[in-house]
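Q: A single structure is presented below for examination.
The values are calculated or read from the model by the stated rules, or taken from the named source; none is laboratory data. On a predicted model such as this, the values are computed, not experimentally measured, just so you know. Cβ sites come from the backbone with ideal geometry, for glycine too, and all protein chains shown count toward neighbours.
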Amino acid sequence: MMAFGFMFLFIHYLLNLFIPIEFDYDMKKSEDAFGSYATFQKLLVYLFKMALALFFLGYMFKAMHWPGAGPMLIASIIMLCAYFLTVKKVPHGPAWLGYLLGISISLAFIGVMFKIQHWTGARLITYLSIPLMLITGIITYLKREQIRPFLKKTIFILFVLTIMFLSSDYLSKSIWALNFNYDVYLTEKKRTDVMNRFYSDNGGIQPYLETQNDSTVQFLSEFNLLFVEDNKGDYSDFLNEVAWKVYENVNNPVVLNEAVKWSAKSIEKDDNWAYLDTYASLLYKLKRYEEAKPAAEKAYQLGKDPSTKKLLDDIIKNLALIKEKELLENQVVN
């Protein structure tokens, strides 16, 4: 249903390109002595309509999990920012008000782009855009007589969305995920809470996972229920990332053995060299060299990575040492 809604909006703004453009304000003769200014403003309107059509098409692709959603959303948001930064916003008012409106709207869209693409800096941009949008909303209300109606509506919509984001975790998460199913929200919230008990504030791993206590057992049980036993989603990359974090930071054999299961689950979906390298590394750390060797061999065959070659050499070296030790023990016995 949501995909059909985005398709309707895409078609609506696409057809809007064929509607004659009329300005909602009078141009000064000094601004448009040769007609070039009016032409430029008309081009901006066409840019805006194309950007919105592409934006909703990209969101439809994102809702359906189709390839190509990211590039369409990025291109449309860049076009929208170009429009709002350059279009005339205040026909008869102070210049600073136009700059404020353009920067505030553009920063909000840039925050959306960074959030959708999971780029570094998304949180910082969000923290900057939210207070700026609240301030802009108040100023827009106070200066409403000087601002074009369309810009007032845009600021009002973004202001309301900002209030919704601040007031309801459910609404903010649902809008980002394009899914308003409350059960899905609760499940995702549980996943977030579980991962907050895994990662420390500095990006490392919580120290309690090094000990064999009830908290560790409870975390492992909930993690497996939400990410390993759930066959509806593909968590291959995520499981590989978490398993590698365990390999780098944890020595607790209970957690390491669970991480082996997480790594094996990711390999079920795709046995690429990175996943196999993680799997072999965990087995090596647990001194399960016989199991680690074939995984390391396949990982090196696929990736030709020097670190995997070193891992394979270490596994072979340890297997040779074990074999040598067994031979010596047999000689002593005989």
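Q: Only one of Ala274, Ala280 is closer than 25 Å to Leu319 by Cβ, buried (at least 18 other Cβ atoms within 10 Å of the Cβ) and under 22 Å from the mean Cα position of the chain (by Cα). Can you tell me which? Working first, answer last.
A: On the way: Ala280 fails: under 22 Å from the mean Cα position of the chain (by Cα).
Only one candidate qualifies: Ala274.
Q: Considering only the range 233-284, state which residues are over 22 Å from Leu302 (Cβ atoms), in a helix (DSSP H, G or I) and not charged (D, E, K, R).
A: Val246, Asn249, Pro253, Val254, Val255, Leu256, Asn257
Q: Please verify whether the range 221-232 includes one or more residues that are modelled with pLDDT of 90 or more, assigned to a helix (DSSP H, G or I) and buried (at least 17 other Cβ atoms within 10 Å of the Cβ).
A: yes
Q: Additional query: Just wondering, is there one or more residues in the range 81-91 that are touching a Cys at 6+ places or on another chain (Cβ under 9 Å) and within 21 Å of Leu43 (Cβ to Cβ)?
A: Filtering the range 81-91 down to residues touching a Cys at 6+ places or on another chain (Cβ under 9 Å) leaves none.
Within the range 81-91, none of the residues are touching a Cys at 6+ places or on another chain (Cβ under 9 Å) and within 21 Å of Leu43 (Cβ to Cβ).
Q: Right, next: How do the pairs read when you match residues in the range 42-57 that are in the same structural domain as Ile105 (by TED's automatic domain parsing) and at pLDDT below 90 with residues anywhere that are small (Gly, Ala, Ser) and surrounded by 19 or more Cβ atoms within 10 Å (Cβ to Cβ), using Cβ under 6 Å and keeping only pairs 6 or more apart or on different chains?
A: none
Q: As an exercise: evaluate Phe159 against (1) crowded, with 21+ Cβ neighbours inside 10 Å; (2) over 16 Å from the mean Cα position of the chain (by Cα); (3) farther than 22 Å from Ile21 by Cβ and give the number of the one condition it does not meet.
A: Among (1) crowded, with 21+ Cβ neighbours inside 10 Å; (2) over 16 Å from the mean Cα position of the chain (by Cα); (3) farther than 22 Å from Ile21 by Cβ, Phe159 violates only (1).
Q: Starting from the range 93-119, keep only residues that are assigned to a loop (DSSP other than H, G, I, E, B), then list their pairs with residues that are of a type outside the set (Lys, Arg) whose Cβ atoms are within a distance under 6 Å, requiring at least 6 positions of separation or different chains.
A: Gly93/Gln146
Q: Let me ask something else. Any residue that is part of a loop (DSSP other than H, G, I, E, B) and outside the structural domain of Lys269 (by TED's automatic domain parsing) - is there at least one of those in the range 155-174? Can you show your working first?
A: Of the residues in the range 155-174, the ones part of a loop (DSSP other than H, G, I, E, B) are 168.
From the residues that got through so far, the ones that are outside the structural domain of Lys269 (by TED's automatic domain parsing) too are 168.
Checked the range 155-174: at least one residue is part of a loop (DSSP other than H, G, I, E, B) and outside the structural domain of Lys269 (by TED's automatic domain parsing).
Q: Given the condition modelled with pLDDT of 85 or more, among the polar types (S, T, N, Q) and surrounded by 15 or more Cβ atoms within 10 Å (Cβ to Cβ), answer yes or no: does some residue in the range 140-147 qualify?
A: From the range 140-147, those modelled with pLDDT of 85 or more are 140-147; that's our starting set.
Those still in the list that are among the polar types (S, T, N, Q) too: 140, 146.
This time we only want the ones that are surrounded by 15 or more Cβ atoms within 10 Å (Cβ to Cβ), so: 140, 146.
Checking the range 140-147: at least one residue is modelled with pLDDT of 85 or more, among the polar types (S, T, N, Q) and surrounded by 15 or more Cβ atoms within 10 Å (Cβ to Cβ).
Q: On to the next question. Under the condition of being within 30 Å of the chain's Cα centre (by Cα) and surrounded by 16 or more Cβ atoms within 10 Å (Cβ to Cβ), which residue from the range 301-319 is nearest to Val246 (Cα to Cα)?
A: Thr308
Q: Oh, and also: Kindly evaluate Ser129 against the criterion of being of a type in the set (Ser, Thr, Tyr) and either closer than 27 Å to Lys173 by Cβ or not assigned by TED's automatic domain parsing to the domain that holds Phe165 (or both).
A: yes
Conditions (1) among the hydroxyl-bearing types (Ser, Thr, Tyr); (2) out of contact with any Phe, Trp or Tyr (no Cβ under 6 Å at 6 or more places or on another chain), marked per residue:
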| position | (1), (2) |
| --- | --- |
| Ala259 | no, yes |
| Trp262 | no, yes |
| Asp270 | no, yes |
| Ala280 | no, yes |
| Leu283 | no, yes |
| Tyr289 | yes, yes |
| Leu302 | no, no |
| Thr308 | yes, no |
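Q: Something else: Considering every residue within the range 73-87, establish whether at least one is assigned to a loop (DSSP other than H, G, I, E, B) and under 19 Å from Phe150 (Cα atoms).
A: yes
Q: Being closer than 30 Å to Lys304 by Cβ, touching a helix residue (DSSP H, G or I) at 6+ places or on another chain (Cβ under 6 Å) and not acidic (Asp, Glu) is true for just one of Lys261, Lys245, Lys265. Which residue is that? Please lay out each step first, then the result.
A: Working: Lys261 fails: touching a helix residue (DSSP H, G or I) at 6+ places or on another chain (Cβ under 6 Å); Lys245 fails: touching a helix residue (DSSP H, G or I) at 6+ places or on another chain (Cβ under 6 Å).
Testing whether each residue is closer than 30 Å to Lys304 by Cβ, touching a helix residue (DSSP H, G or I) at 6+ places or on another chain (Cβ under 6 Å) and not acidic (Asp, Glu) leaves just Lys265.
Residue by residue, here is whether (1) among the charged types (D, E, K, R); (2) without any contact (Cβ under 8 Å) to a residue 24 or more places away in the chain; (3) within 20 Å of Leu209 (Cβ to Cβ); (4) in contact with a strand residue (DSSP E or B) (Cβ under 6 Å, 6 or more places away or on another chain) holds:
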| residue | (1), (2), (3), (4) |
| --- | --- |
| Glu248 | yes, yes, yes, no |
| Asn252 | no, no, yes, no |
| Glu258 | yes, no, yes, no |
| Ala264 | no, yes, yes, no |
| Asp270 | yes, no, no, no |
| Trp273 | no, no, no, no |
| Leu276 | no, no, no, no |
| Lys285 | yes, no, yes, no |
| Ala292 | no, yes, no, no |
